[in-house]
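Derivation of every value follows stated rules applied to the coordinates shown; laboratory data play no part. Just so it is clear, the structure is predicted and the values come from calculations on it, not from any experiment. Glycine also receives a Cβ, built like all others from the backbone with ideal geometry; neighbour counts cover every protein chain displayed.
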Amino acid sequence: MTFSTTKKGILASILAAVFFTTMDIGAKKLLYLGTGEITFFRGLLGMLFLPFMARVESLPVFSGKDRGLLHLRGLFGGVCLLFFFYCLNGLTLGDAEILTQLSAFFMCLLSPVFLKGRLQGREVPWLGIIALGAAIVLQVWNFHSFNVYAIFGILSAFFAASAYVCIGKMTENGGHTQTELVFYFQLYSTLGGLMIMGATGQWTLPSGWEWGWIGELALSALLGQVCLTWGCTHIHPTMVNFLMYTGILFHILAGALLWGESLTLYSWVGGALIVLGSVALLRQ
């Protein structure tokens with residue numbers, strides 16, 4: 001199978017789901033440190049990796065174009081992350097991931113308004129298969145975790161979709177490096193975490209093995225953002241959003257391996273449909 005740009009974008013989107021899963025594992029491990037601290041150190045350490053990214057790209061890091069969109073992309077991404085970490089305080093890892101996947105539906109509402117491109121007709125059925133698989137895994141008819149923390153999860157999904165729209169719009173304009181797009185997300189995440197710590201008056205410095213988890217969280221988040229940005233710049237952002245449903249399957253597997261959570265029949269059937277739809281898209 002020859003890997004076209006579209007297929008690379010699909011693979012990048014699935015890899016983004018993998019890295020965001022490992023990020024969420026690290027965040028869940030460190031929730032007791034505080035949402036502000038996790039967000040701040042994740043963003044700060046992530047920025048230290050950016051010079052290495054810049055070295056492998058031929059274009060200048062800062063294009064001087066679309067500054068408003070770049071700041072909006074960073075702001076929306078940072079707010080999305082903060083809300084997601086807040087929602088983890090009151091929801092299981094799986095339920096939090098359920099709500100963040102609502103970003104695909106927000107994208108369906110936002111992309112026709114703000115973006116020019118449209119999905120190819122042959123791709124839509126397979127995206128539907130992925131969505132059906134996600135619905136079966138989630139058992140949407142039996143969801144019981146709605147509370148104030150669920151509102152944070154829904155808001156996280158909305159701001160994630162808004163960030164995807166900004167990336168898609170800048171892709172239409174062209175001239176941006178991945179490093180530039182990721183930099184603004186890292187910057188606003190760091191500032192957001194700092195503001196939360198200032199507002200709450202809390203400052204907990206990680207120690208010992210906690211730094212290892214902070215490093216894992218920061219690196220996973222950075223790699224996830226790189227893959228997500230690559231995906232959004234090579235395939236339609238709505239398609240990226242649906243492919244992020246694979247993250248539900250990865251979260252279930254992580255729960256089974258790390259915390260002994262059992263896989264239900266719904267998980268197996270829905271997971272198989274998610275994999276089927278993703279593989280079919282790769283073969284288009």
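Some values worked out for this structure:
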{"read-out": "Neighbourhood charge, 10 Å Cβ-Cβ cut-off, centred on residue 153 and excluding it, Lys, Arg +1 and Asp, Glu -1", "value": "-2"}
{"read-out": "Diffusion coefficient, µm² s⁻¹, Stokes-Einstein with Kirkwood Rh over alpha-carbon pairs of the range 57-97 at 25 °C and 0.890 mPa s", "value": "196"}
{"read-out": "For the chain, size of Cβ-based charge dipole, Lys and Arg +1, Asp and Glu -1, in debye", "value": "680"}
{"read-out": "Span-rule helices in the chain, defined as complete DSSP H runs reaching 24 Å or more along the axis (Cα) with Kyte mean at least -1.0", "value": "5-29, 35-55, 67-88, 148-173, 178-200, 209-234, 265-282"}
{"read-out": "At R0 = 25 Å, FRET efficiency that the Cβ-Cβ distance of residue 204 and residue 154 yields, to 0.05", "value": "0.35"}
{"read-out": "Computed over the range 39-180, the ratio Rg/Rh where both radii use C-alpha atoms and Rh is Kirkwood", "value": "1.01"}
{"read-out": "Global geometry of the range 1-99, whether rounded, prolate or oblate, following the gyration tensor of its Cα atoms and the 1.5 cut on a/c", "value": "oblate"}
{"read-out": "Reachable aspartates and glutamates, given that their alpha-carbon falls under 14 Å from the alpha-carbon of residue 29 and they are not under 8 places away in the same chain", "value": "37, 210, 216"}
{"read-out": "Gyration tensor verdict on the range 228-278 (Cα atoms; rounded if a/c is under 1.5, prolate if a/b is larger than b/c, oblate otherwise)", "value": "oblate"}
{"read-out": "Cross-link reach list, aspartates and glutamates versus residue 8, counting only Cα pairs under 19 Å and skipping chain neighbours closer than eight places", "value": "57, 123, 172"}
{"read-out": "Residue order, fewest to most surrounding Cβ atoms within 10 angstrom, among 5, 171, 92", "value": "5, 92, 171"}
{"read-out": "Hits among lysines - C-alpha to C-alpha of residue 28 under 20 Å, sequence gap 8 or more where chains match", "value": "none"}
{"read-out": "Local electrostatic count, residue 70, Cβ distance below 13 Å [Lys/Arg +1, Asp/Glu -1]", "value": "+2"}
{"read-out": "Against the rule of thumb 2.2 N^0.38 Å, how large the Cα Rg of the range 166-284 comes out", "value": "1.35"}
{"read-out": "Kirkwood Rh in Å, taken over the chain so that all alpha-carbon pairs contribute", "value": "18.9"}
{"read-out": "Value of [θ]222 nm, deg cm²/dmol, for the chain, DSSP H segments ≥ 4, -39500 (n - 2.57) each, nearest 500", "value": "-26000 deg cm²/dmol"}
{"read-out": "Quarter of the Cα convex hull surface for the range 1-40, i.e. its orientation-mean projected area (nm²)", "value": "3.6"}
{"read-out": "13 Å beta-carbon shell around residue 216, net charge (K/R +1, D/E -1)", "value": "+1"}
{"read-out": "Footprinting exposure proxy for 79, 182 (fewest neighbouring C-beta atoms within 10 Å first)", "value": "79, 182"}
{"read-out": "Full-stretch length increase - residue 253, residue 67 - with 0.36 nm per residue and alpha-carbon distance subtracted", "value": "63.0 nm"}
{"read-out": "Residue order, fewest to most surrounding Cβ atoms within 10 angstrom, among 196, 151", "value": "151, 196"}
